[in-house]
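J.: The structure's right below; bear with me while I get my questions together.
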Amino acid sequence: MFPVDFVQGPVSPGTVLHGAVVFDTGGKTDYRPGFLPVPAYVAADNAAKKVTRNSPAVKFGSSGSLNPSLHEQVMEDGDLLEFLPLAPMAGDEILASSDGQPLWILRGKGAASVHLVGALPLPVLEDEYLRDYFRPGCFIRLLPLIVFLRQLTRESDWHYSRHACFVMDDPSLYWPTYGYVDFRRLAEHTRAHGYFVSVAIIPLDTRWPNPRTLAIFRANAPRLSLLLHGNNHLYTELASPRSPEQIVRLFAQALRRFERLERCGGLEVCRVQEAPHGAFAKAQLEGLRRFDIEGVLATAELLVRHNPNVRWSSTLGLEAVDLLAEVGLPSIPRIMMKKDWKSRVLLAGILDQPIVLTGHHANAADGMEQMAEYAELVHGIGGVTWATPAGILRSNYKQLRQGRALHVQLCSRRIHLTIPDGVEELWIHRPWLDPGDGGEDLTVQCGLAPRRASQPAGNGVCGPFPVKQAENLVVACSLKNGVDFNAVPPPPRSLWPVVRKILVEARDRCSPIVGWKNKYV
């Protein structure tokens, strides 16, 4: 998550330190600014001095060291039962408090600053993930350390942009309305409140789209967009065991169905796959990678649950976009519209993640108040640009400037890049590649003119590419042994997907009549 190396204990002569992490189990809290020659994070703990919390509420201050979205916010952390109350000194900024007593203080500025916290981070066991300790209801032990490391590495770390989008699962395009959502009113609402919606369409539903519905999407692109949602939308369709041949046939059929929609409807569909009910099996992801798919929307908890024998990266769910190195696909973190969605959005903002909230047509009930609330919360985070899922992936890269050279670390398989002023050469980093891996091609293109690197630098690094300022480039990675979906036979026919779809369609379209509007699915 951060470009830091931790050195424990005595430091060797000549070692350059940029910060210090101190765990004080004696409960000392009177550390003065500059007590070390570098910025410090101090977590203090003393069983005899700790107090029991009466409320799970954590109240944040309005310090400039906090993300603006946290200013004066109250969030619940029920995991921390006790903490060490801190005694503020003159000039201290109280970043967070519990039961009216300071829990997290910023003391001093710059190189003399001290982040003082009245609780220790919990150790992460081998079979656990870091996200287990940074989630709604359990975050305050880790949050101060994340903020400290981000401030410490601000100048030396790779930089990337943040985006947001609301994803509405399951609507079909047979009529200009679906359940509680009226696509024309939805388009007007996105313009009025300044947000984007991508409708996750089931490929089975693409045969007879309504011309008026297609016209609404064409007229309001990219605020309204489409992405893939499974193939037939059967339960755990992309999480159930299948043979490699079955997986390839399933995805090939989904892509053929969407290609027909693009051709007949004049729409561009995001080549991003969201699994029905958010569940992917690793084997399904491996099969998906063989096609021209830019990435997936996935929920970290569901990836772990449906792949119990797979050990993902320990930071799964906490990166800007998870590069699933095990399968070579980028995965956008997906926030489900549940009762804790606001806390998850705020935590995603702290992590500089894309904020992609997934819901259903019922979220458009009551005048789309909940969608307006989501847009307002995201706008309050600051520095967030709205985009389609494909737009999120195509801008998903990190960059580091070194003189006239620009280093770009790809976090997606295709990006759009504008060259900044003063840059003359470009280096491309593909962190998912092993040294000597020749299984994919890299193209860097400006218009119709491809660029060639003078040398592959190894370890997934290629360059330099000659570039000029203000050029708009497309950088793309493609497998040498990719599959042409038009050459793959379809899976065996079955009536059940059609029957199930008719039943679900009838249920959703009747929802406004019977008054069913459960917004938390």
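J.: Specify which of the listed residues (Asp5, Asp77, Asp45) is at pLDDT 95 or above and acidic (Asp, Glu). Walk me through it before giving the result.
T.: Values: Asp5 fails: at pLDDT 95 or above; Asp45 fails: at pLDDT 95 or above.
After applying the criteria, what remains is Asp77.
J.: Could you say whether any residue in region 182-199 is within 29 Å of Leu495 (Cα to Cα), in contact (Cβ under 8 Å) with a residue 24 or more places away in the chain, over 23 Å from the mean Cα position of the chain (by Cα) and not in a strand (DSSP E or B)? Before you say what the answer is, go through the steps one by one.
T.: Just the residues of region 182-199 that are within 29 Å of Leu495 (Cα to Cα), to begin with: 198-199.
Then drop every residue that is not in contact (Cβ under 8 Å) with a residue 24 or more places away in the chain, which leaves 198-199.
Next, only the ones that are over 23 Å from the mean Cα position of the chain (by Cα) stay: none.
No.
J.: Considering only residues that are part of a strand (DSSP E or B) and under 19 Å from Lys501 (Cβ atoms), which ones fall in region 136-181? Let's see the steps before the verdict.
T.: In the first step, residues of region 136-181 are kept if they are part of a strand (DSSP E or B); the result is 138, 159, 162-169, 177-178, 181.
Across region 136-181, the qualifying residues are Met168, Asp169, Thr177, Tyr178, Val181.
J.: Still on this structure, please answer the following. Listed residues Glu268, Glu274, Glu262, Glu237; which is over 20 Å from Pro222 (Cα atoms) and of a type in the set (Asp, Glu)? Give the derivation first.
T.: Numbers: Glu268 fails: over 20 Å from Pro222 (Cα atoms); Glu274 fails: over 20 Å from Pro222 (Cα atoms); Glu262 fails: over 20 Å from Pro222 (Cα atoms).
Only one candidate passes the filter, namely Glu237.
J.: Let me ask another. Out of curiosity, is Gly137 assigned by TED's automatic domain parsing to the domain that holds Glu319 and in contact (Cβ under 8 Å) with a residue 60 or more places away in the chain? Can you show your working first?
T.: Numbers: assigned by TED's automatic domain parsing to the domain that holds Glu319: no; in contact (Cβ under 8 Å) with a residue 60 or more places away in the chain: yes.
When the stated conditions are applied, Gly137 does not pass them.
J.: Taking strands (runs of 3 or more DSSP E) that fall entirely within region 381-461, which contain at least 2 residues that are out of contact with any Pro (no Cβ under 6 Å at 6 or more places or on another chain), modelled with pLDDT of 85 or more and under 30 Å from Glu274 (Cβ atoms)?
T.: Counting at least 2 such residues, we get 384-386, 397-402, 405-410, 414-418, 425-429, 440-446.
J.: Can Ser97 be described as buried (at least 18 other Cβ atoms within 10 Å of the Cβ), more than 30 Å from Arg311 (Cα to Cα), polar (S, T, N, Q) and touching a residue at least 60 places away in the same chain (Cβ under 8 Å)? Don't jump to the end; show me each part of the working.
T.: Details: buried (at least 18 other Cβ atoms within 10 Å of the Cβ): yes; more than 30 Å from Arg311 (Cα to Cα): yes; polar (S, T, N, Q): yes; touching a residue at least 60 places away in the same chain (Cβ under 8 Å): no.
In short, no.
J.: Working only within region 371-397, note down all residues that are surrounded by fewer than 20 Cβ atoms within 10 Å (Cβ to Cβ) and either of a type in the set (Asp, Glu) or within 26 Å of Arg509 (Cβ to Cβ) (or both).
T.: Ala372, Glu373, Glu376
J.: Conditions first: (1) of a type outside the set (D, E, K, R); (2) buried (at least 16 other Cβ atoms within 10 Å of the Cβ); (3) under 30 Å from Val310 (Cα atoms); (4) more than 24 Å from the chain's Cα centre (by Cα). Leu120 passes all but one, so which condition is the exception?
T.: Failing condition for Leu120: (2).
J.: Also: Any residue at all in region 112-129 that's at pLDDT 95 or above and of a type in the set (Phe, Trp, Tyr)?
T.: no
The values are calculated or read from the model by the stated rules, or taken from the named source; none is laboratory data. None of these values were measured; they are calculated from a predicted model. So basically every Cβ, Gly included, is an ideal-geometry build from the backbone, and we count neighbours across all protein chains shown.
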